[in-house]
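The values are calculated or read from the model by the stated rules, or taken from the named source; none is laboratory data. Nothing here was measured: the structure is a model prediction, and the numbers come from that model. With ideal geometry, Cβ positions are generated from the backbone for all residues, glycine too; neighbour counts draw on all protein chains shown.
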Amino acid sequence: MDLSALGNCVISASCVITQTTSGLIIGLLLFMVAAGVSLIFGVLKVVNFAHGSFYMLGAYFAYTAYQVTGNYAVAVLAGGLGVAIFGLLFERLLISRVYGSPVLMQILVCYGVILILDDVVKLVWGPDFLSFGMPSTFQSLPILFAGGVIPVFYLFLIVMTLVIAVLLGLLITKTRYGKIIRASAVNPTMVSALGINTGVVFASVFVLGGLLAGLAGGLAAPVRSLTAGMGLSVVIESFIVTVIGGMGSVAGALVGSLLIGLVRSFGSIGFPLFTEGLMFLMMVVVLVLKPSGLFGKEGR
Amino acid sequence: MLRIEDLSKSFGGVAATNNVSVHFPKGSLSAVIGPNGAGKTTFFNLITGAFRPDKGRILLDGQDIAGFSPPEIVRRGIGRAFQIARIFPTLTVHDAILGAVQAHTGQHTVMSRRFPLAETEDRATHVMDLVGLTPKAHTLSRNLSHGDQKLLDIALALVLEPRVLLLDEPTAGMGPEERWTMIDTVHRMWEQERMTLIFIEHDMSIVFKIAQRITVLSYGRVLAEGTPEEIRRHPEVIKAYLGDEFEAAHA
Amino acid sequence: MGNRSSLARDCLIALVAFLVLAALPYIFPSRGFTDFVVRLAAFGIFATSLNLLVGYSGMESFGHGLYFGLGCYSFALIMQNFAVPIPVAFLLTIALSVAVALVVGAICVNLSEIYFAFLTLAFQMLLHSLIIAWTPITGGDQGLTGGIPRPPFLGVRLDDYYHLYLFSAGLLILCLLAMYHIVQSPFGYTLRMIRDNASRAPFLGISVFRVRLMAYIIAGAFGAIGGMIMSLFVSGAFPDFAYWTVSGEGIFMIMLGGITAFLGPVVGAAIFLLLNDMVTKLTTHYGIVLGAVILLFALGLRKGLLDFIVDHWRDRQQSALAAEGRTASSPPSAKPVSAGE
């Protein structure tokens, strides 16, 4: 525990700026993964523990695409689309068989997939940490802001993820598809009775979740080292987020993610070794006081 | 025995039970009837502690039990069977009833001895015989026919030596022949054990055949209460509810 | 039903089993064999204790590893820092686990399926984070090294690997005997009733919260015993023993061997360890093989090995009974009053 360091940071403008942007980035990238987890749970009542692997695959797909084309935009898209397809296969071949099964069965299926994917990644890309490298577009001088510095790439990330978050929000609330998803979450039988193919709806939710996670992986790649275990910490944090924000609530996932992001970045100064513990503590507190989360509906 | 006074319960602004007052004398066999949504099951839920009433008293032998928890109410002698039988699928009929007996005698957390406890066998056998399930003693509950599951549901309630037994639609989901067999069993059981029995029922011919007293609920209120003769002649009841069903049963 | 065993009979079986196990190292004098049995004892007790919750109570805990890790670390820490005999450390560890289980259980036990799974996981990871963070006491992510003092007690010298083997095998059998007795007691059947229909139980006068909490505490205590054996085996404690993968592996062991049969989890633990050992010898791609086996079980078989066997036998028994029921005359009852008039 290093509270003096934390104290010093809070009163220093540059430290606050650095930590806040860092927290925002962690939070927003986490949001993209957690939103997928939340949607999948909300609509399908499935706990997709393997979602972190989606994120990991996104990063690796993006890496290869970047090696081949040298174009960052293409790389990120490759990450997103690649995982979207993977999500579809995952849902159709594996998850659809455990709908309605006990939670532990679903977790077991995900656990199996995680084990396989981790090894596959090691096989295909090698066991060493990979470095994506900062794309040249972003290799310019950092921006000065309110007494602190913000790397250009971070700014890009913040803007990009906010745009995606807004688009996602619009998709859910304003489009017919969004209505169908929300209806399926509440009453899938009714939706099916209305002539809508719930199988397609369910699969599409996984595609959407995969897309978001894959994009997140690709976007994050330049500032993370790629390794087979990278999905794990992300998925655990995503679950903390969805619990805090409320299962099935995308708005809750946003609030939860930002909260976690800031706790992580400021927390790593004050509690360098117990940062994870802080987050679990928050999860415990929320589950005890309001099990359905900040934005969740009661009785799920 | 059981006196209900001004019982009321609302859910989100809708009064499911509205100032209901009824008296069930000791040892009586009464029916509670009314159309779907009249609040019959809610009425049972309030008596058995599944819900807490907003207002009113539930007097069991003079003691107000309104708001007590289900285990507390069970301990005071009110037993209940459910519209959809709530049984224990993986246990055999015999084991399920034994399990209920040990719960009744407070021995359900004993860890030093093996199940079943010898002293629970007598009561279990008695109850099984009473409902006629002895031949199926070693059948798994989930493999029982629908009618037998309802019987088991009643048996589980009987185990508790209830002074008042509430049966929620004991003949629900049964064909005409099976229904009379069931109601026979209920009647025989009532005669033998001399408990106060209250049942919810939709089949009017059954109700008029065996009930000593009938309470008619409608929109959460008591529409009428009395002997089958009185109810039969009650203008409002005839008008609103018995019309077609009554005609059909007594044509 | 006549096929229920008595405590006396089970004790006899346990004794025989122990004698057999005691003799085996003379037939298989390899260190590998005794090591396997010690690990099997640790995980077998752990998995069976988890099944008390999952299989018998319907409580799907995903954080049972909390007690494995707690047992491992507390035992190791007590032995390293205090000069107490091993049995005392043993009892202290169990006492600590009971205390933790009481608190965690009181919070978690009445939550619905998914939230129960998550909250138990959260508590486990909280312990894990504590272990990693509290380096001066726990050795942080390096774990507790430096070995565990093994003062002899009652003639048992746990630094001798045959003694450790006997100790672990004996504990395994004793714990299984105890858990089996609990499961076959009136309490055990109350657990089954709650599992089958928790909404009916209160109407029979059962306090669901109290009974579930008792089950949770018992499961936690036995889980910790598994952890203690592991601590002796590795002569220390490592953060991995508190990581969520321990819980995952526990679930997997139960699924492999069977939820319904009492010995299912032990069978599953044995299969898992064998699989583990075989695969790591044959290939470095341990994950792919293990993952594939998990998927095979979760999606294909959907039932553990022992369950498969037991259910098949039971189905045959039940259809025989049903056939009997059909041929016997209908039960005598009062003549039905004719319907309507």
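Based on this model, can you work out whether B:Phe68 counts as more than 17 Å from the chain's Cα centre (by Cα), within 11 Å of another protein chain (Cβ to nearest Cβ) and of a type in the set (Phe, Trp, Tyr)?
Against the criterion (more than 17 Å from the chain's Cα centre (by Cα), within 11 Å of another protein chain (Cβ to nearest Cβ) and of a type in the set (Phe, Trp, Tyr)), B:Phe68 does not qualify.
So that you can scan it fast, the table gives a plain yes or no per residue for (1) free of Cβ contacts under 8 Å to residues at least 12 places away in the same chain; (2) assigned to a helix (DSSP H, G or I); (3) surrounded by fewer than 24 Cβ atoms within 10 Å (Cβ to Cβ); (4) among the β-branched types (Val, Ile, Thr):
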{"position": "A:Ala203", "(1), (2), (3), (4)": "no, yes, yes, no"}
{"position": "A:Phe206", "(1), (2), (3), (4)": "no, yes, no, no"}
{"position": "A:Gly210", "(1), (2), (3), (4)": "no, yes, no, no"}
{"position": "A:Ala213", "(1), (2), (3), (4)": "no, yes, no, no"}
{"position": "A:Ala216", "(1), (2), (3), (4)": "no, yes, no, no"}
{"position": "A:Ala221", "(1), (2), (3), (4)": "no, yes, no, no"}
{"position": "A:Ile240", "(1), (2), (3), (4)": "no, yes, no, yes"}
{"position": "A:Ile244", "(1), (2), (3), (4)": "no, yes, no, yes"}
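For region C:183-211, enumerate the residues that are within 7 Å of chain B (Cβ to nearest Cβ), part of a helix (DSSP H, G or I) and surrounded by fewer than 20 Cβ atoms within 10 Å (Cβ to Cβ).
First pass over region C:183-211, keeping only residues within 7 Å of chain B (Cβ to nearest Cβ): C:184-190, C:192-193, C:196-197, C:199-200, C:202-207, C:211.
Okay, now just the ones that are also part of a helix (DSSP H, G or I), so C:186-190, C:192-193, C:196, C:202-204, C:211.
Across region C:183-211, there are no qualifying residues.
Just give me the residues in region A:77-96 being touching a residue at least 12 places away in the same chain (Cβ under 8 Å) and either within 14 Å of chain C (Cβ to nearest Cβ) or in contact with a Cys (Cβ under 6 Å, 6 or more places away or on another chain) (or both), in sequence order. Break it down stepwise before answering.
Applying the first criterion (touching a residue at least 12 places away in the same chain (Cβ under 8 Å)) to region A:77-96 yields A:77-88, A:90-92, A:94-96.
Matches in region A:77-96: A:Phe90, A:Glu91, A:Arg92, A:Leu94, A:Ile95, A:Ser96.
Please state which one of B:Leu59, B:Leu130 is under 29 Å from B:Leu223 (Cα atoms) and more than 9 Å from every other protein chain (Cβ to nearest Cβ). Write out each step before concluding.
Values: B:Leu130 fails: under 29 Å from B:Leu223 (Cα atoms).
None of the other options fit; the residue is B:Leu59.
Any idea which residue in region B:16-60 is surrounded by the fewest Cβ atoms within 10 Å (Cβ to Cβ), counting only those that are part of a strand (DSSP E or B) and of a type in the set (D, E, K, R)? Quick ask: steps written out before the conclusion?
Of region B:16-60, the ones part of a strand (DSSP E or B) are B:16-24, B:29-33, B:55-60.
Of the ones still in play, those that are also of a type in the set (D, E, K, R) are B:55, B:57.
Working: B:Lys55: 14, B:Arg57: 16.
That would be B:Lys55.
When region C:281-307 is examined, which residues are found to be more than 15 Å from C:Pro265 (Cα to Cα), under 22 Å from the mean Cα position of the chain (by Cα) and at pLDDT below 80?
The one that is more than 15 Å from C:Pro265 (Cα to Cα), under 22 Å from the mean Cα position of the chain (by Cα) and at pLDDT below 80: C:Leu301.
Can you tell me which condition A:Ile260 does not meet? The list is (1) within 13 Å of another protein chain (Cβ to nearest Cβ); (2) surrounded by 24 or more Cβ atoms within 10 Å (Cβ to Cβ), and all the others hold.
Only one criterion in (1) within 13 Å of another protein chain (Cβ to nearest Cβ); (2) surrounded by 24 or more Cβ atoms within 10 Å (Cβ to Cβ) is unmet by A:Ile260, namely (1).
For B:Pro135, indicate whether it is at pLDDT 90 or above, surrounded by fewer than 19 Cβ atoms within 10 Å (Cβ to Cβ) and either closer than 27 Å to C:Ala215 by Cα or facing chain C (nearest Cβ under 7 Å) (or both). Break it down into steps so the answer makes sense when it comes.
Values: at pLDDT 90 or above: yes; surrounded by fewer than 19 Cβ atoms within 10 Å (Cβ to Cβ): yes; either closer than 27 Å to C:Ala215 by Cα or facing chain C (nearest Cβ under 7 Å) (or both): yes.
So B:Pro135 fits the description; yes.
Which pairs turn up if I take residues in region A:29-50 that are away from every other protein chain (no Cβ under 14 Å) and look for partners that are surrounded by 24 or more Cβ atoms within 10 Å (Cβ to Cβ) and part of a loop (DSSP other than H, G, I, E, B) with beta carbon separation below 8 Å, at least 6 apart in sequence or on another chain?
Final answer for the pair search is A:Gly36/A:Asn48; A:Leu39/A:Gly248; A:Val43/A:Gly248.
For region B:142-168: of the residues being over 18 Å from the mean Cα position of the chain (by Cα) and more than 8 Å from chain C (Cβ to nearest Cβ), which is nearest to B:Ile200 (Cα to Cα)? Working first, answer last.
As a first pass, look at region B:142-168 and keep what is over 18 Å from the mean Cα position of the chain (by Cα): B:142-145.
Subset that is more than 8 Å from chain C (Cβ to nearest Cβ): B:142, B:144-145.
On the way: B:Arg142: 24, B:Leu144: 23, B:Ser145: 21 Å.
Among residues in region B:142-168 that are over 18 Å from the mean Cα position of the chain (by Cα) and more than 8 Å from chain C (Cβ to nearest Cβ), the one nearest to B:Ile200 (Cα to Cα) is B:Ser145.
Only one of C:Gly65, C:Gly71, C:Gly55, C:Gly32 is within 14 Å of chain A (Cβ to nearest Cβ) and more than 26 Å from C:Tyr189 (Cβ to Cβ); which? I'd like the intermediate steps shown before the answer.
On the way: C:Gly71 fails: within 14 Å of chain A (Cβ to nearest Cβ); C:Gly55 fails: more than 26 Å from C:Tyr189 (Cβ to Cβ); C:Gly32 fails: within 14 Å of chain A (Cβ to nearest Cβ).
Just a single option satisfies the conditions, and that option is C:Gly65.
A quick yes/no check of all residues on (1) assigned to a helix (DSSP H, G or I); (2) more than 14 Å from chain C (Cβ to nearest Cβ); (3) at pLDDT below 90; (4) in contact with a helix residue (DSSP H, G or I) (Cβ under 8 Å, 6 or more places away or on another chain):
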| site | (1), (2), (3), (4) |
| --- | --- |
| A:Leu104 | yes, no, yes, yes |
| A:Ile107 | yes, no, yes, yes |
| A:Leu115 | yes, no, yes, yes |
| A:Val159 | yes, yes, yes, no |
| A:Ala165 | yes, yes, yes, yes |
| A:Leu168 | yes, yes, yes, yes |
| A:Tyr177 | yes, yes, yes, yes |
| A:Ser184 | yes, yes, yes, yes |
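For C:Ala133, indicate whether it is surrounded by 18 or more Cβ atoms within 10 Å (Cβ to Cβ) and away from chain A (no Cβ under 14 Å).
Criteria not met by C:Ala133.
Per-residue answers, yes or no, for (1) β-branched (Val, Ile, Thr); (2) at negative phi; (3) without any contact (Cβ under 8 Å) to a residue 40 or more places away in the chain:
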site	(1), (2), (3)
B:Leu29	no, yes, no
B:Lys40	no, yes, no
B:Thr48	yes, yes, no
B:Gly56	no, no, no
B:Leu60	no, yes, no
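For region C:1-29, which residues satisfy the criterion of being within 14 Å of another protein chain (Cβ to nearest Cβ) and in a helix (DSSP H, G or I)? Explain how you work it out, then say what you get.
From region C:1-29, those within 14 Å of another protein chain (Cβ to nearest Cβ) are C:1-11; that's our starting set.
Those that are within 14 Å of another protein chain (Cβ to nearest Cβ) and in a helix (DSSP H, G or I): C:Leu7, C:Ala8, C:Arg9, C:Asp10, C:Cys11.
Quick one: is C:Met230 touching a strand residue (DSSP E or B) at 6+ places or on another chain (Cβ under 9 Å) and buried (at least 24 other Cβ atoms within 10 Å of the Cβ)?
Values: touching a strand residue (DSSP E or B) at 6+ places or on another chain (Cβ under 9 Å): yes; buried (at least 24 other Cβ atoms within 10 Å of the Cβ): yes.
Spelling it out, C:Met230 is indeed touching a strand residue (DSSP E or B) at 6+ places or on another chain (Cβ under 9 Å) and buried (at least 24 other Cβ atoms within 10 Å of the Cβ).
Any residue at all in region A:58-65 that is within 14 Å of chain C (Cβ to nearest Cβ), assigned to a helix (DSSP H, G or I), hydroxyl-bearing (Ser, Thr, Tyr) and touching a residue at least 12 places away in the same chain (Cβ under 8 Å)?
Within region A:58-65, none of the residues are within 14 Å of chain C (Cβ to nearest Cβ), assigned to a helix (DSSP H, G or I), hydroxyl-bearing (Ser, Thr, Tyr) and touching a residue at least 12 places away in the same chain (Cβ under 8 Å).
Anything in region B:83-110 that is in a helix (DSSP H, G or I), more than 7 Å from every other protein chain (Cβ to nearest Cβ) and among the aliphatic types (A, V, I, L, M)? List them, or say none.
Answer for region B:83-110, where residues must be in a helix (DSSP H, G or I), more than 7 Å from every other protein chain (Cβ to nearest Cβ) and among the aliphatic types (A, V, I, L, M): B:Val93, B:Ala96, B:Ile97, B:Leu98, B:Val101.
Identify, from the list B:Thr196, B:Thr171, the residue that is within 13 Å of another protein chain (Cβ to nearest Cβ) and buried (at least 22 other Cβ atoms within 10 Å of the Cβ). Give the derivation first.
Details: B:Thr196 fails: within 13 Å of another protein chain (Cβ to nearest Cβ).
Checking each option against the conditions leaves just B:Thr171.
Scan region A:7-65 residue by residue and report those that are of a type in the set (Val, Ile, Thr), over 22 Å from A:Ser131 (Cβ atoms) and crowded, with 21+ Cβ neighbours inside 10 Å.
A:Val37, A:Ile40, A:Val43, A:Val46, A:Val47
Regarding region A:275-292, can at least one residue be identified that is aromatic (Phe, Trp, Tyr) and either in contact with a strand residue (DSSP E or B) (Cβ under 6 Å, 6 or more places away or on another chain) or surrounded by 22 or more Cβ atoms within 10 Å (Cβ to Cβ) (or both)? Explain how you work it out, then say what you get.
Step one: of region A:275-292, the residues aromatic (Phe, Trp, Tyr) are A:280.
Now narrow it down to the ones that are either in contact with a strand residue (DSSP E or B) (Cβ under 6 Å, 6 or more places away or on another chain) or surrounded by 22 or more Cβ atoms within 10 Å (Cβ to Cβ) (or both): A:280.
Within region A:275-292, one or more residues are aromatic (Phe, Trp, Tyr) and either in contact with a strand residue (DSSP E or B) (Cβ under 6 Å, 6 or more places away or on another chain) or surrounded by 22 or more Cβ atoms within 10 Å (Cβ to Cβ) (or both).
Tell me yes or no: at least one residue of region C:240-247 is of a type outside the set (Gly, Ala, Ser), buried (at least 22 other Cβ atoms within 10 Å of the Cβ) and farther than 30 Å from C:Tyr26 by Cβ.
yes
Let me confirm something: among C:Leu275, C:Leu296, which residue is assigned to a helix (DSSP H, G or I), within 11 Å of chain A (Cβ to nearest Cβ) and without any contact (Cβ under 8 Å) to a residue 24 or more places away in the chain?
Working: C:Leu275 fails: within 11 Å of chain A (Cβ to nearest Cβ).
Checking each option against the conditions leaves just C:Leu296.
Evaluate the following for C:Leu92: is it over 18 Å from the mean Cα position of the chain (by Cα) and buried (at least 17 other Cβ atoms within 10 Å of the Cβ)? Don't jump to the end; show me each part of the working.
Values: over 18 Å from the mean Cα position of the chain (by Cα): yes; buried (at least 17 other Cβ atoms within 10 Å of the Cβ): no.
No; evaluated as a whole, the condition is false for this residue.
Here are some residues: B:Arg52, B:Arg113. Which one is within 9 Å of chain C (Cβ to nearest Cβ) and of a type in the set (D, E, K, R)? Write out each step before concluding.
On the way: B:Arg52 fails: within 9 Å of chain C (Cβ to nearest Cβ).
Being within 9 Å of chain C (Cβ to nearest Cβ) and of a type in the set (D, E, K, R) holds for just one of B:Arg52, B:Arg113, which is B:Arg113.
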